[in-house]
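K.L.:
Okay, here's the structure, questions in a sec.
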Amino acid sequence: MIETLRVELGDRAYDIRIGEGLVARAGAEIAPLLARPRVAVLTDETVAELHLDSLRAGLADTGIDMVSLALPPGEGTKSWPHFTRAVEWLLDQKIERRDIVVAFGGGVIGDLAGFAAAVLRRGVRFVQIPTSLLAQVDSSVGGKTGINAPQGKNLIGAFHQPSLVLADVGVLGTLTPRDFLAGYGEVVKYGLLGDAEFFEWLERNGPALAAGDVPKRVEAVRRSCQMKADIVARDETEQGDRALLNLGHTFCHALEAATGYSDRLLHGEGVAIGCALAFEVSARLGLCSQESPSRVREHLKTMGMKTDLADIEGNLPDADGLIDLMGQDKKVVDGRLTFIMARAIGEAFVTDKVEGAVVKDVLTDALLRRGVDPV
Ligand code: GLY
């Protein structure tokens, strides 16, 4: 069973196809977009090893040739040197204006390949075939593309919408449990920000979904993508509502910076902890009930996920240090930090009126729960 969603963006509208076996039928899915039967695939070495032969066979089924470049896996690839290599390789492959670039990998490859497509010959079309849960529910949809700068994550980039997204839940089976659960952090985020009924569904079905239940995986990806598609259609370039998708991210970006963007904390793990902290701050401000943050943490714990600063190994800065790192966030406007707060589970809103003292108190208490002195 393959589900289809539409991201309604006028002449840049596109489908998100969700189901099992989409890599194997990639040729049939992509063929209607092609001016000639040839695509250039950007991927990473891990995904290439596991799935590139299936993609090649899936494309060959409809007579489509494929050239591919596999970059090293990991966040370090989202940088100028690898970006330059990818763009020059695409030019060497004589990829023309009417051709299609395929991003085949997780969020790093999707962001880098999308940005390469955005600037190549002033813009060529691209197709996202996301292979991580995080990329399937978040980064492959909505057209944010880019690379990191020494000054911070995702600071160089462009909005460039894909022409098609193929989310094959079958490939999620090769993810490590840790990577799967990190992606699940973004799934939970959707329930928390705008759909209490989805959060309840996740409370009931999360463990089965993590254990490999395919129909439940399809349903979780579908509901996540539907919410993202609706928000992106309302606010493509994040002038308003799209910022809701950043629930938990201001805390997350500070924690990622504090842990050196390393394996100590994966992005989705930081999002999960960030969501719990956002609900904690909301409760302290009297915006939502005291039970809400406990319920968020309870579900994350049931899933075996990180829920708190105490779950991050090694040193962390003190509360002021973390707040300084939040100040580097892209979401600072006129020196004021924007937060996503919540009135209840499923009712998030954007505000720049959060008292710094409350954020500091919540972080100080969370650091105390670690039982080690901050440095
Ligand atoms: N990941 C947040 C967004 O796409 O807006």
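K.L.:
Could you bin all the Cα-Cα distances of the stretch 240-375 into 5 Å bins starting at 0 and give me the percent of pairs in each, rounded to whole numbers?
P.N.:
With a bin width of 5 Å, the distribution comes to 2, 11, 22, 26, 22, 13, 4, 0.
K.L.:
Where a ≥ b ≥ c are the square roots of the eigenvalues of the C-alpha gyration tensor, would you call the stretch 1-138 rounded, which needs a/c under 1.5, or, failing that, prolate if a/b is larger than b/c, or oblate?
P.N.:
Working: a/c = 1.26, a/b = 1.18, b/c = 1.07.
Note, shape of the stretch 1-138 comes out rounded.
K.L.:
Explain nothing, just the number: dipole magnitude of the stretch 1-101 about its Cα centre with +1 on each Lys and Arg Cβ and -1 on each Asp and Glu Cβ, in debye rounded to the nearest 20.
P.N.:
340 debye
K.L.:
How much length is gained on full extension from Thr84 to Asp11, taking 0.36 nm per residue of separation minus their Cα-Cα distance?
P.N.:
23.3 nm
K.L.:
What's the ranking of 186-198, 71-83 by average number of surrounding C-beta atoms within 10 Å, highest first?
P.N.:
So the peptides 186-198, 71-83, ranked by packing, come out 186-198, 71-83.
K.L.:
Let me ask you something else. Cα atoms only, the stretch 160-222: Rg and Dmax in Å?
P.N.:
When restricted to Cα atoms, the stretch 160-222 yields Rg and Dmax of 12.3, 36 Å.
K.L.:
Calculate one ³J(HN,Hα) per residue across the stretch 267-276 by plugging θ = phi - 60° into the Karplus curve 6.51 cos²θ - 1.76 cosθ + 1.60, and present them in order as whole Hz with x for glycine and proline.
P.N.:
The phi angles translate into 3, x, 5, x, 5, 4, 4, x, 5, 4 Hz.
K.L.:
Could you work out the relative contact order of the stretch 67-153, using alpha carbon pairs under 8 angstrom and six or more residues apart, expressed as a whole percent?
P.N.:
31 percent
K.L.:
Sticking with this one: Any idea how far the Cα center of the stretch 179-202 sits from the one of the stretch 31-75, in Å?
P.N.:
Distance between centres, Cα-based: 30 Å.
K.L.:
Can you tell me what share of the DSSP beta bridges in the stretch 88-191 is antiparallel? A percent to the nearest 5 is fine.
P.N.:
40 percent
K.L.:
Looking at the calculated P(r) for the stretch 105-222, what percent of the C-alpha pair distances fall above 24 Å?
P.N.:
Roughly 31 percent, once rounded to a whole number.
K.L.:
What FRET efficiency, computed as 1/(1 + (r/R0)^6) with R0 = 30 Å and r the Cβ-Cβ distance, is obtained for Ala28 and Leu155, rounded to the nearest 0.05? Spell out each step's value before the answer.
P.N.:
Details: r = 38 Å, r/R0 = 1.27.
Given R0 = 30 Å and the Cβ-Cβ separation, E is 0.20.
K.L.:
Could you give the Stokes-Einstein D for the chain in µm² per second, using the C-alpha Kirkwood radius, 37 °C, 0.692 mPa s?
P.N.:
For the chosen part, D equals 157 µm²/s.
K.L.:
Once the principal axes of the Cα atoms of the stretch 169-305 are found, what is the range along each, listed largest first in whole angstroms?
P.N.:
40, 35, 31
K.L.:
Let me ask something additional. State the dimensionless ratio Rg/Rh of the stretch 290-332 (Rg: radius of gyration of Cα atoms; Rh: Kirkwood radius). Each step should come with its number before you reach the end.
P.N.:
Working: Rg = 13.5 Å, Rh = 12.5 Å.
Result for the stretch 290-332 is an Rg/Rh of 1.08.
K.L.:
Can you tell me what share of the DSSP beta bridges in the chain is antiparallel? A percent to the nearest 5 is fine. Walk me through the intermediate numbers first.
P.N.:
Working: 17 of 42 bridges.
About 40 percent, rounded to the nearest 5.
K.L.:
Using just the helices of the chain, give the 222 nm mean residue ellipticity in deg cm²/dmol: DSSP H runs with n ≥ 4 each add -39,500 (n - 2.57), and the total is spread over all residues, rounded to 500. Working shown, then result.
P.N.:
Working: 12 runs with 164 residues, N = 375.
Helix-only estimate at 222 nm: -14000 deg cm²/dmol.
Since every read-out is calculated from the coordinates, none of them should be taken as a lab result. These numbers were taken from a predicted model, which means no experiment stands behind them. Backbone-built Cβ (ideal geometry, glycine too); neighbour counts: all protein chains shown.
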